[in-house]
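Each remark here refers to the structure printed beneath this line.
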Amino acid sequence: MKLGNYARDEWLDGDGDGRPLISAVDSRPLASITSDGIDFGAMLAHAREVGGRNLRRLTFHERGDMLKALAKYLMEHKKEFYALSTATGATRSDSWIDIDGGISTMFVFSSKGRREMPNDHVYLDGPPEILSTKGTFVAQHIFTPKLGAAIHINAFNFPCWGMLEKLAPALLAGVPAIIKPASSTAYLTELMVKRMIESGILPAGSVQLICGGVGDLFEHLNCQDTIAFTGSKNTAEMLQQHPRVISESVAFTAETDSLNASILGPDAVPGTPEFDLFVKEVTNEMKTKAGQKCTAIRRIIAPASVTSDLVRALSTALGEIRIGNPASKDVDMGALASHGQRDEVRERLAELATEAEIVHGGDKDFDLIDADSSKGAFFMPTLLHCEKPLQSKAVHAVEAFGPVSTVLPYDSIDEAIELAKLGEGSLVASIISNDNEVARELVLGIAAYHGRIIVINRHCAGESTGHGSPLPHLIHGGPGRAGGGEEMGGVRGVLHYMQRTAIQGSPETVSTIGHRWIRGADQNVPDVHVFRKTFEQIQIGDTFKSESREVSLDDIDHFAEFTGDKFYAHMDEDAAKKNPFFEGRVAHGYLIVSFAAGLFVDPDFGPVLANYGVDDLRFLTPLNHGDSLRVRLTCKQKTLRGDSGYGEVRWDAEVTNQDDEIVARYDVLTMVATDEHWKSVS
Ligand code: NAP
């Protein structure tokens, strides 16, 4: 069976017989792979002209809904993904990380898109900048989708997660993807893409797949395309230097090799929960995916005084790992993803062994469960010990991408920091310590060299997601050797596929472009109270201006008595005067906000369903007894909540005193019924 290439909304076979792909477990032939003869330039054009156009018609929320539907569909088909995943050498729990982990990443991006991004086509970056004294010239940074394709080149170790963690943010941004999985495990990616396409959920042109080489794809790149690459540093460097990438300034995100460290704190001596947690964490990272995780622990940095205890404890734990056929329930660790990968690990281990002593495992025969060592790409968990890590090079530079890790002793915190930094940039480091001051010192010492740091102690270990798990909420990437890239991180990951533009103009112009009202833009006072309008009827800029109301000393006393807030500034004239902010007793801030609500609320049953909070509340001028207040409420932003029957309306609220000084400013958040919902209940 030849793996398909999905190009221009069609499944196409590449020319020729292709390269054979075999099972990592028993050498059974699985498929062959070739993309020869595919028109890569036409694929790019299709992504730009058809996929991008289709995706950009949708709002962020609609794209979020699409991701959710897709994730649900993939969940329904996960059994077949699990079945095929075994051939990559993955145990059930390895496959869970790849398959369920990938699909849940899609769910998280769907949810973040609908909660943290507007139901719109433009994403506003921060508040407006007021650039002039009269406020008639303002600016706003906005993000819009790039008009090219997202080229996703993935590594072999996570054929599902590796694809989905890149695909979800790209689609949410409104950018079509061309996916190129690593050849050795592309059969699993292809199966998942087949299911995605047959779901009918994705608009035409939004996803294409290359199974095989990328041919002349790079020759057709332009400045609107983005490349997200995961793999080895050598390949990344070669691709980053492609003349077209350079001349077109194509955005290039690289996730490459990483000599991740785990540091045992000096407090975590044998007998402490942290020592045991450390042994567990390291063992787990070596066993999971047979150590073929970009985030796996490669360097075990531990106090010199405990390294012999540590080597003993780790060797015992590693000796208990049952290796063999990943389909067997009795197996903890399967095979490496390909026979070529095992050859690679053997070579890298030989390099490491020139500087460090193998204290457990090694490249030798060992017992397997339900598997044949001559057919599968199995490798024993291997622990090395390097006595003089500060004088060594290979242990900080050579990545054996398998179940291989080296113990590096340190004598002081400064030395531990130095060792961690010798990795020259990593995706992740972990610190296992119950001493928070030590944790701070280590974090501040190594953070600049890392994309993520996890601190584990007895208090969080039970719920910790572990050293090696990148999460869609958090950034994944790292400086230097790790590629200098950054992916995921919630909305941050979506913005990699978008262009940030600073827009300058009048408040009305900038408000219209961003669909968010800015002070100084037009205010429209409608004939009816704004609370009598449905979600659709309310327009950005719709304004309510209240009557004014005096605040008396009785009001302040009453509020203090009623709420129990008898802070001296409200109750004691002399004490209040001693405070640099006040000239005497002042109204409570919450009294001001409550009176303001009393002034703007329209009390009768109406389309406004609920007040669900205020944002950015600031009290700017104290309100003394005898002063009066009034409030202006202007519709700032509207966000329809899918098919719920309501949407969020954000109001700009400004409370002023009798001299038009601003007393308080804040956003009021309301949920307002849609026309349809309002008709059904009124
Ligand atoms: P690789 O050889 O660099 O391959 C990575 C990807 O690049 C594969 O899809 C590969 O496709 C493709 N590729 C190779 N040459 C190419 C070319 N000339 N043009 C376009 N694409 C090309 O890396 P690997 O050996 O598969 O992966 C292992 C490495 O990945 C390890 O070093 C590991 O640290 C790193 N990794 C990093 C992360 C991370 O997030 N930082 C995650 C996983 C793995 P073919 O397979 O078809 O050659």
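The values are calculated or read from the model by the stated rules, or taken from the named source; none is laboratory data. Computed from a predicted model, the values in this text were never measured in an experiment. Cβ: placed from backbone, ideal geometry, glycine included. Neighbour counts: every protein chain shown. Keep in mind that these areas ignore ligands, DNA and RNA; they rest on the heavy atoms of the full protein, side chains included. Shrake-Rupley method; radii C 1.70, N 1.55, O 1.52, S 1.80 Å.
Does Ser426 meet the test of being at pLDDT 95 or above, more than 30 Å from Ala87 (Cβ to Cβ) and open to solvent by less than 10 Å² (accessible area, probe 1.4 Å)? So Ser426 fits the description; yes.
Among the helices (runs of 4 or more DSSP H) confined wholly to region 1-82, which include 3 or more residues that are closer than 25 Å to Pro472 by Cα and open to solvent by less than 60 Å² (accessible area, probe 1.4 Å)?
Details: elements: 40-46, 53-57, 60-76.
Passing ranges, in order: 60-76.
With respect to being closer than 25 Å to Lys577 by Cα and among the β-branched types (Val, Ile, Thr), Val655 fits the description. Taking region 578-625 as the range and being closer than 18 Å to Val655 by Cβ, among the hydrophobic types (A, V, I, L, M, F, W, C), open to solvent by less than 40 Å² (accessible area, probe 1.4 Å) and part of a strand (DSSP E or B) as the test, only Val586 passes.
Select from region 339-360 the residues that are open to solvent by less than 30 Å² (accessible area, probe 1.4 Å) and modelled with pLDDT of 95 or more and write down the one among them that is nearest to Ile22 (Cα to Cα). Residue satisfying both the conditions and the ranking: Val345.
Looking across region 260-273, the residues that are in contact (Cβ under 8 Å) with a residue 12 or more places away in the chain and either open to solvent by 10 Å² or more (accessible area, probe 1.4 Å) or not β-branched (Val, Ile, Thr) (or both) come down to Asn260, Ala261, Ser262, Leu264, Gly265, Pro266, Asp267, Ala268, Val269, Pro270, Thr272, Pro273.
The residues in region 285-322 that are small (Gly, Ala, Ser) and over 25 Å from Gly89 (Cα atoms) can be counted, and the count is 5.
Looking only at residues in region 280-298 that are small (Gly, Ala, Ser) and in a helix (DSSP H, G or I), which one is nearest to the ligand (Cβ to nearest atom)? Step through it out loud before you land on a result.
Of the residues in region 280-298, the ones small (Gly, Ala, Ser) are 290-291, 296.
Next, only the ones that are in a helix (DSSP H, G or I) stay: 290-291.
Working: Ala290: 13, Gly291: 11 Å.
Only one residue tops the list, namely Gly291.
Among the residues making up region 492-512, those that are part of a helix (DSSP H, G or I) and open to solvent by 50 Å² or more (accessible area, probe 1.4 Å) are Arg492, Glu508, Thr509, Thr512.
Taking Val398 as the residue in question, decide whether it is more than 14 Å from Ala353 (Cα to Cα) and either among the β-branched types (Val, Ile, Thr) or at pLDDT below 95 (or both). Can you show your working first?
Details: more than 14 Å from Ala353 (Cα to Cα): no; either among the β-branched types (Val, Ile, Thr) or at pLDDT below 95 (or both): yes.
When the stated conditions are applied, Val398 does not pass them.
Yes or no, residue by residue, for (1) part of a loop (DSSP other than H, G, I, E, B); (2) on the phi > 0 side of the Ramachandran plot; (3) in contact (Cβ under 8 Å) with a residue 40 or more places away in the chain:
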site	(1), (2), (3)
Ile518	yes, no, yes
Asp527	yes, no, no
Gln539	yes, no, yes
Glu547	yes, no, yes
Asp555	no, no, yes
Lys566	yes, no, no
Asp574	no, no, no
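Checking the conditions here, which among Ala302, Ala296 is under 18 Å from Val345 (Cα atoms) and buried (at least 20 other Cβ atoms within 10 Å of the Cβ)?
Numbers: Ala302 fails: under 18 Å from Val345 (Cα atoms).
Just one listed residue meets the conditions, Ala296.
If you take the residues of region 226-257 that are within 9 Å of the ligand (Cβ to nearest atom) and of a type in the set (Val, Ile, Thr), which of them is nearest to the chain's Cα centre (by Cα)?
Applying the first criterion (within 9 Å of the ligand (Cβ to nearest atom)) to region 226-257 yields 229-236, 238-239, 242, 254-257.
Imposing the further condition that a residue be of a type in the set (Val, Ile, Thr) reduces the set to 230, 235, 256.
On the way: Thr230: 16, Thr235: 24, Thr256: 18 Å.
Per the stated criteria, the residue is Thr230.
Among the conditions (1) among the acidic types (Asp, Glu); (2) in a helix (DSSP H, G or I); (3) open to solvent by 10 Å² or more (accessible area, probe 1.4 Å), Asp120 misses just one, which is (2). Evaluation of Asp276 against the conditions (1) assigned by TED's automatic domain parsing to the domain that holds Cys160; (2) without any contact (Cβ under 8 Å) to a residue 60 or more places away in the chain; (3) assigned to a helix (DSSP H, G or I) shows that the sole unmet condition is (1).
From Leu171, Leu202, Leu164, grab the single residue that is within 21 Å of Arg48 (Cβ to Cβ), within 17 Å of the chain's Cα centre (by Cα) and more than 10 Å from the ligand (Cβ to nearest atom). Steps first, answer last, please.
Working: Leu202 fails: within 17 Å of the chain's Cα centre (by Cα); Leu164 fails: within 21 Å of Arg48 (Cβ to Cβ).
Leu171 is the lone residue from the list that is within 21 Å of Arg48 (Cβ to Cβ), within 17 Å of the chain's Cα centre (by Cα) and more than 10 Å from the ligand (Cβ to nearest atom).
Filtering region 183-199 down to residues that are out of contact with any helix residue (DSSP H, G or I) (no Cβ under 8 Å at 6 or more places or on another chain) and of a type in the set (Gly, Ala, Ser), which residue is nearest to the ligand (Cβ to nearest atom)? It comes out as Ser183. Whether a residue is within 35 Å of the chain's Cα centre (by Cα) and open to solvent by 50 Å² or more (accessible area, probe 1.4 Å) was assessed, and Lys364 does not pass this test. Just checking, does region 496-504 include any residue being among the small types (Gly, Ala, Ser), under 30 Å from Val672 (Cα atoms), in contact with a strand residue (DSSP E or B) (Cβ under 6 Å, 6 or more places away or on another chain) and more than 16 Å from the ligand (Cβ to nearest atom)? No, the conditions are met nowhere in region 496-504.
Listed here are the residues, each with its yes/no results for (1) under 20 Å from the mean Cα position of the chain (by Cα); (2) more than 30 Å from Pro507 (Cβ to Cβ); (3) of a type outside the set (Phe, Trp, Tyr).
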{"position": "Ile99", "(1), (2), (3)": "yes, yes, yes"}
{"position": "Phe107", "(1), (2), (3)": "yes, yes, no"}
{"position": "Ser110", "(1), (2), (3)": "yes, yes, yes"}
{"position": "Glu129", "(1), (2), (3)": "no, no, yes"}
{"position": "Thr136", "(1), (2), (3)": "no, no, yes"}
{"position": "Asn154", "(1), (2), (3)": "yes, yes, yes"}
{"position": "Phe158", "(1), (2), (3)": "yes, yes, no"}
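Within region 152-161, being more than 9 Å from the ligand (Cβ to nearest atom) and among the hydrophobic types (A, V, I, L, M, F, W, C) holds for Cys160, Trp161.
Of everything listed in (1) at pLDDT 95 or above; (2) open to solvent by less than 50 Å² (accessible area, probe 1.4 Å); (3) among the aliphatic types (A, V, I, L, M), the single unmet condition for Ala335 is (1).
Per the conditions (1) within 16 Å of the ligand (Cβ to nearest atom); (2) buried (at least 17 other Cβ atoms within 10 Å of the Cβ), the sole criterion not satisfied by Leu318 is (1). The numbered conditions (1) of a type outside the set (Asp, Glu); (2) closer than 26 Å to Thr465 by Cβ; (3) open to solvent by less than 10 Å² (accessible area, probe 1.4 Å) are all true for Ser93 except (3).
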